[in-house]
Structure formats: structure tokens, C-alpha cells
Amino acid sequence: MLSFLRKYKIIIPILFISVLYNLLWFSVFIYFLFQYPELRVSLTLAFLLFYLLAALPLKDWFIHSIFFKLLYPDTGNVLVKDKRIKELTNKSDINRLLKVLIKELNINGLTMISNDKTLKQSYFYRDTEKDYTPVTQQDIEKISIHFQQNFRKSLNGPMPDDIKVVAEKYNFGGFVPVFYKSKYFGFFAITGGIDIKKITILEGLAGRIGLIMENDALTESAIKNESFKKEFTLARQIEKFLHIKETVEVENYNLSVDKNILKGVGYNFPVLIEKSKGPSSITNPYFIFCRISKSNPRMRTMLLFMVAGYFITHSKNCKNLQNLFKNLNESLFLNGPEFSIDGFLIQKMPSNHWRVNYFGKNVQIKCEGKNIDLNTPASLGSTQDKTYNCIDFKNKNEIVFCINQMPGIRIFKK
């Protein structure tokens, strides 16, 4: 009612000035017609052109500049705020803009709840900082579930019972969700009462913040994907140097490496396949087939270089497989970072005899098409426990060694 009366008092002077202005120009026109009757047609055309192109625009500008701000006092401020919101491009500027807006909008306080790690839960007060009660995770979930079910719809006025309880608990008078398209990022909670004009401004800000968060998420995802591709490519390039030849002849047996491992097909982790060096490697060679399950692809591959170095060094001096296992486990545990290595140590014994030491929970052996039951020992290098798990295979035509159900080495008779 007060708003109507205010507008009514302003409109009457506007009408009075408009009528007076038009009478003034009409009087001037009549005066010139009586003074120059022979130029009646020319004066009429000239007056119409001047009135339409100059006099009317001048009147409109005058009335707008004097009365428009009185008639619509918030419009200018809204336009300024809208411009600031459109110029917002970085997450780092969000809090600063919110501090300014709550003072200009005359809001008692504003809380922003975000699922973004750098923003999380922020709160601002118009005057001075007050004791703030952080919104609990349970209450945040109630409001978030409501907004996800009621897409983009702000809460101002009547609220569902469960949301009303939360609002009364923290003295919130309204909520504005932060969305980008169908993706939900959080919400604003307004302390105290708020009208629809301020809600509209905050909805515009929420839409802008949603766009910024989506852009940041896409950028971060692109960087991670590119970084992962580079790490994975480097890991595969390094891994080529860790593999023995595709096929090795040992007496009357062939030891072959699965081609998929060499090409990286179906494998998302680096593996080590190496043969011992030195005099003993001719008659009774050692082989290692293993993988490291922890860390990223590049770090795993670099750690496998360390494993390969220890294996080659100890295999030159160890007289048997058990001694090689103990020395290798001790070196990895004492001198390296925390390892978690699954795999096999394999030794060719005299005649048609192969001895296999296995370690880790993700290893499998198939002998002539049948699965071999294995214990579940600790991973190599992860503990000082020197439990030695060994299996002997004599006079077998085919043995396949797998990690995570993926075959890596196949031993078969010629």
C-alpha cells in the first residue's frame, strides 16, 4: 500500500510536467502560424520533425533523470550488482563479492555451503563478525537432498517441515541453490528475512558460481587425464627395458613371455620379468616375474628398477632359491620404501625340474590346465617375515604363472 502511494505521488508531478511541456511547444507553434500564415505548411512540417526528433526525447530524458530513481529506487543498484556478477570469473573472487553484496543488499548474514574443497562452508555478516554455528553435515544433506529433488527452486517463505526445522535452528530465512545445468554444487543460506528482489540477485550469483565451479572441474579433470596419460606412457616406455626376451630356451624347455604384457594389452600396471646373470644362469638360471600394486604407474615402474637391481645382484651369489628369496626380501625391506610386491621367483633345476617361490595374495599358477592351490603369504619386501613358500614341478609339459588372473610367463616342453 505504501509502495502504491509513493508511486502515486510521483506519477502526478510527471503528468503535470508532461502536459505543461507539450502546451509550451504547442503555444510556440500557434504563435509562428499567426506570424507567418503564408508558411503554414512548411512550419507545420518543421514543427512536427523538431517535436518528434528533439522535443520529445528531451522531455523523456528530463523526466527519467529526475523521477525514475525515485519511482524505482532499487533498479540502478540491481543493474550494478548484475554487472559485477557477470564479471565474476574466479573462485578466489567469490568471497570478496559476497562480503560486498550482503552490505548492499542489507542482508544480516549469508552462509555459503559448497561441495568444492576450496570453498566448503563460508559465512559473512553485514556489520561485524558474530558467533557462528556451523551447519552440521546432517543438516546440509537434508537441504541438499531437497534441492536435488526440486531442481533450481529457491526456498523463501513456506518451507517443508524438515527444512523448516533446520532454518529455525540456524535462523535462516531463505535458501538459494547453486547449480550449473543439472549439476548441483551447494547452496546459499540467508540469515533473517529476505524479499524476492534479493533472492533474484542471489539466484543470478548462484548461477554464475555454478558455471565457475563447472569450468574448474572440467579444467582439473583435463589436467589429471593428461597427467595420467603422460605417466602411463612413460611407465610403458620404461617397462620395455625390464622384460627379458619374448622366448628363452632352457635345456629342453621354452620359457615365453605373454605378448600382451610386452604390448601393454589388457594390463594397467607395470610388471618386472627378468633373468639372472652370471655363471650359474647358464645351467640353473633364476627368473623373477612380479608387480608392485601401490603408488602411481610411473612410481611403480621406478621401484621395479630397484627390484631388478637387487635381483640381478643377489642372483649372482645365491646358491639356491630360498637363499635368493631371503636376501631379496631383506634388501627391499631395509633399504627401500614400503614395498608390496606380488609375484614369483623361478629356478630351473637339473633334469625336467622347476622350483617356484611365490609371494603375495594375487598370484595364480596353472599346471597343465589345472589351477594349483596356493597359500596367501605376505608380499615380498613388505615385512621381515621370511616365510618361504615353494612348489616343485617335475616332468610337467606346461606351467603358466599369473598375477591378478593375467598370464605372464609360460613354461613348456619343446
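The values are calculated or read from the model by the stated rules, or taken from the named source; none is laboratory data. Quick caveat: nothing in here was measured; it's all calculated off a predicted structure. FYI the Cβ positions are ideal-geometry reconstructions off the backbone, even for glycines, and counts take in every protein chain you see.
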Query raised in the report: Restricting attention to region 355-363, does a residue exist that is more than 46 Å from the chain's Cα centre (by Cα) and at pLDDT 85 or above?
Result: yes
Query raised in the report: Quick one: is Lys224 part of a helix (DSSP H, G or I) and at pLDDT below 70?
Result: no
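This table checks each residue for (1) outside any strand (DSSP E or B); (2) at pLDDT below 85; (3) surrounded by fewer than 17 Cβ atoms within 10 Å (Cβ to Cβ); (4) not small (Gly, Ala, Ser).
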position: Leu328; (1), (2), (3), (4): yes, no, no, yes
position: Phe333; (1), (2), (3), (4): yes, yes, no, yes
position: Glu338; (1), (2), (3), (4): yes, yes, yes, yes
position: Gly343; (1), (2), (3), (4): no, no, no, no
position: Lys348; (1), (2), (3), (4): no, no, no, yes
position: Thr376; (1), (2), (3), (4): yes, yes, yes, yes
position: Lys386; (1), (2), (3), (4): yes, yes, yes, yes
Report task. Show the residue pairs that are 6+ apart or on different chains and have beta-carbon atoms under 6 Å apart, the first residue being within region 10-25 and in contact (Cβ under 8 Å) with a residue 40 or more places away in the chain, the second being surrounded by 10 or more Cβ atoms within 10 Å (Cβ to Cβ) and aliphatic (A, V, I, L, M). Result -> Ile10/Leu70; Ile10/Leu71; Ile14/Ile63
Query raised in the report: From Glu231, Glu246, Glu239, which residue is at pLDDT below 70, within 29 Å of Asn317 (Cβ to Cβ), under 33 Å from the mean Cα position of the chain (by Cα) and acidic (Asp, Glu)?
Result: Glu239
**Report entry** Where Asp392 falls short, out of the listed (1) assigned to a strand (DSSP E or B); (2) within 48 Å of the chain's Cα centre (by Cα)
**Finding:** (2)
Query raised in the report: (1) over 30 Å from Ile140 (Cβ atoms); (2) modelled with pLDDT of 80 or more; (3) not polar (S, T, N, Q): which one isn't true of Leu110, the others all being true?
Result: (1)
Query raised in the report: Taking region 145-161 as the search range and keeping residues that are touching a strand residue (DSSP E or B) at 6+ places or on another chain (Cβ under 7 Å) and surrounded by 13 or more Cβ atoms within 10 Å (Cβ to Cβ), which one is modelled with the highest pLDDT?
Result: Phe147
